[in-house]
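Enquirer: Below are the structure tokens for one structure; questions will follow.
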Amino acid sequence: MSQHYEKLFTPGNIGSLEIPNRIVKAPTSTGMSNMDGTVSDRLFRHYQNIARGGVGLLIVEYAYVDEIASKSAHCQLGISSNEHITGLSWLAEMIKGEGARAGIQIEHCGRQKFLGTRPIKSASAVAWPKLREVVGDQAIPEVLSVAEIKEIVASFGNAALRAVLAGFDLVEIHGAHGYLLTNFLSPHTNKRTDDYGGSLENRMRIVAEIVQDVRAKIGPDFPLTIRLSGTDYQPDGFGIEETIEVAQALEKLGIDAIHASGGDHHMMVHQVSPMGIPRGNNVFAAEALKKHLSIPVIASGSITLPDFAEEVLSRGRGDFVGLARPLWADPQWPNKARAGKLEDIRPCIRCNVGCLDRGFFKFRAVSCTVNPQIGREGELDITPAQVTKKIAVVGGGMAGMEAARVARLRGHEVTVFEKRKLGGVVIEGSVAEFKSDLRFLIRNMSSQVANSGAKMVMAPADADLIGSGGYDTVIVATGGRASVPDIPGMKGNKVVDSLDVFSGQAAVGQQVVVLGGGETAVEAALYLAGQGRGVTLLHRRELMTKDCVITDKLVYLQMLAEKNVKVMIPYQATGIEGGALTARHTQTGEELTLQADTIVTALGYVPGDNALAAELRRRGGMAVHEIGDGVRTAKIHDAIHAGFKLAQRL
């Protein structure tokens, strides 16, 4: 038992299975299997890395149960055929050999078929709206007949038996997140009038039949869990009260634990919550279920840090905690928590960039903003450099810090020059409470650099200073600068930059106009509105159209409405005189004047001054590399990955 987190590292049981601690790797599709659903080398290495991190129970991602219509996503794991058992047994044996317990989730996608290919089958002909936007009426599901339902029930049972034959310790049925079983459970997607629609008893009938069929095929004692959404968050869907009834009925049928979650892919901000949603957003469901069940409940939903995980367990809100994205951010999360090395944990910042926006949504394997090695296990291992070098890193933002960290791990001698403090503009970016996840990333990365043995010089660096240091290589990561448009009056005393607002350096009046429509502008508007100020957000086109993750956009639009931010689009600012801002409607030509105490500019960033890099190259004698926003303004994902990859090449 750990002296740091007593509850988290106390063994627990799910049915007959003893689990060494209370940390569960929640199943999340990676897109790393072979196209036919078999286990790939890449998938094997990925789960081996996670299993070595100290997790108690590792539930492998959802596996499709038949060859008809259950497969949801690209390169999804399969368990629909006995041919899959060979690879699955390899996977299960490895997980157990690393000290974890091995589980697998079995699934039918229902209407949520990311592939968008026929056949798509569900309880009723209610399409997933997002898929319909992409593939049109092809997204409208075929209504399952009773005979087809019976076949699916048998397919779940057969899949569970294959999991047993493959050597897994536990099987989990996927009954959450908008997939087939949720399509039946929710009135939002179930419009049937037969024995599988209408009353809750009827809507849950397929779930009960699947549990019974699985139990008949795997026996009464094999550990069996089900994942349920506490609510689907649909106005005409189901709530926690009905989920409690379903869970109580399933306990009587032999379910050994409930894995509580929430949402579906139409309400995905509650399923894969971004920073704007409070951490632990679905823990309420586990807490409510525990009050009505005698079997264990796994709590999940943005439980990103050990302190919060321990709190959930200590307060009796769950018996286990399920982690998905946090174990991509840092597979060693459990081991580091056990050792009390909190600053060493690379935290999930819930940005959804690598895993969703640039990964799953683009039919790629998942990646991670803060962990460039995830999905590339065995390819991007950090190894000692063949020739050690003396390296200067100029700039202590995300790109510079990651480059310095990896370079030190490879054995290079590193000096970091930073004129204020480590963190770069992410320091200002983390000020708003709805961006507080970033504070933990700054803590982790700055401590990693400080403890790496790198020399820290907290002062500006110029070409003379760098040139006299005898460096073999210089990495210039000095960041970008605010874009300042050519609008009359932009240098007036009532005009301030958003970074100065977040840092507290700018005095801001009661009535504010924010210029811009990207994420920074929206965040500035929300931050100021949260302080009780009257805020108008003015932009020349639709908000957040450039490189904004859909989960952030959905949450921010809702927050703008809740905080009564007045949004004026499409308007182009044309001039500022004192506190008067003039603007023109970009379509009608209508002109107006807004009065403000303060005008905040948040019009994006452009690459900063590259004079230092240019001068160092002119002088020669050292290799000069530029990374981060100084080259191309982008996201934290790009900065960290650029720093990592450069340091790997040196």
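The values are calculated or read from the model by the stated rules, or taken from the named source; none is laboratory data. Here the structure is a predicted model, which is why all the values come from computation and not from measurement. We place every Cβ from the backbone using ideal geometry, glycine too, and count neighbours over all the protein chains shown. Ligands, DNA and RNA are stripped out before the accessible areas are found, and what is left, the full protein with its side chains, is counted by its heavy atoms. Shrake-Rupley method; radii C 1.70, N 1.55, O 1.52, S 1.80 Å.
Enquirer: Listed residues Gly534, Gly579; which is farther than 20 Å from Glu428 by Cβ, modelled with pLDDT of 95 or more and more than 28 Å from the chain's Cα centre (by Cα)?
Expert: The match here is Gly534.
Enquirer: Restricting region 413-428 to residues that are closer than 21 Å to Gly469 by Cα and not in a loop (DSSP other than H, G, I, E, B), which is most open to solvent (accessible area, probe 1.4 Å)?
Expert: Glu413
Enquirer: To continue, here is another question. Please tell me if Leu612 is in a helix (DSSP H, G or I), buried (at least 19 other Cβ atoms within 10 Å of the Cβ) and touching a helix residue (DSSP H, G or I) at 6+ places or on another chain (Cβ under 9 Å). Steps first, please.
Expert: Values: in a helix (DSSP H, G or I): yes; buried (at least 19 other Cβ atoms within 10 Å of the Cβ): yes; touching a helix residue (DSSP H, G or I) at 6+ places or on another chain (Cβ under 9 Å): yes.
The answer is yes for Leu612.
Enquirer: Another question about this same structure. Which residues, counting only those in region 83-122, are under 18 Å from Ala154 (Cα atoms) and not acidic (Asp, Glu)?
Expert: Narrowing region 83-122 to residues under 18 Å from Ala154 (Cα atoms): 83-85, 104-110, 121-122.
Listed by number, the residues that qualify are His84, Ile85, Ile104, Gln105, Ile106, His108, Cys109, Gly110, Lys121, Ser122.
Enquirer: Do any strands (runs of 3 or more DSSP E) entirely within region 1-49 hold 3 or more residues that are open to solvent by less than 60 Å² (accessible area, probe 1.4 Å) and on the phi < 0 side of the Ramachandran plot, and if so, which?
Expert: 23-25
Enquirer: Taking the condition without any contact (Cβ under 8 Å) to a residue 12 or more places away in the chain, surrounded by 16 or more Cβ atoms within 10 Å (Cβ to Cβ) and under 27 Å from Lys645 (Cβ atoms), does Arg410 pass?
Expert: No; evaluated as a whole, the condition is false for this residue.
Enquirer: Which members of region 329-338 meet the condition of being open to solvent by less than 40 Å² (accessible area, probe 1.4 Å) and without any contact (Cβ under 8 Å) to a residue 60 or more places away in the chain? Spell out how you get there, then give the answer.
Expert: Pass one, region 329-338, residues open to solvent by less than 40 Å² (accessible area, probe 1.4 Å): 329-331, 333-334, 337.
Residue satisfying the conditions is Ala329 alone.
Enquirer: Only one of (1) out of contact with any Gly (no Cβ under 8 Å at 6 or more places or on another chain); (2) open to solvent by 20 Å² or more (accessible area, probe 1.4 Å) is not met by Gly517, so which one is it?
Expert: That leaves (2) as the condition not met.
Enquirer: I would also like to ask the following. Wholly within region 476-550, which strands (runs of 3 or more DSSP E) include no fewer than the required count, namely at least 3 residues that are hydrophobic (A, V, I, L, M, F, W, C)?
Expert: Result: 511-515, 534-538.
Enquirer: Is it true that Ile85 is within 28 Å of Leu185 (Cα to Cα), among the hydrophobic types (A, V, I, L, M, F, W, C) and touching a residue at least 40 places away in the same chain (Cβ under 8 Å)? Walk me through how you get there before you give the answer.
Expert: Working: within 28 Å of Leu185 (Cα to Cα): no; among the hydrophobic types (A, V, I, L, M, F, W, C): yes; touching a residue at least 40 places away in the same chain (Cβ under 8 Å): yes.
Answer is no for this residue.
Enquirer: Please count how many residues of region 461-497 are within 25 Å of Glu428 (Cα to Cα), under 35 Å from the mean Cα position of the chain (by Cα) and not polar (S, T, N, Q).
Expert: The number of residues fulfilling the criteria is 11.
Enquirer: Give the residue, chosen from Ala463, Ala459, Ala450, that is open to solvent by less than 30 Å² (accessible area, probe 1.4 Å) and out of contact with any Cys (no Cβ under 7 Å at 6 or more places or on another chain).
Expert: Ala463
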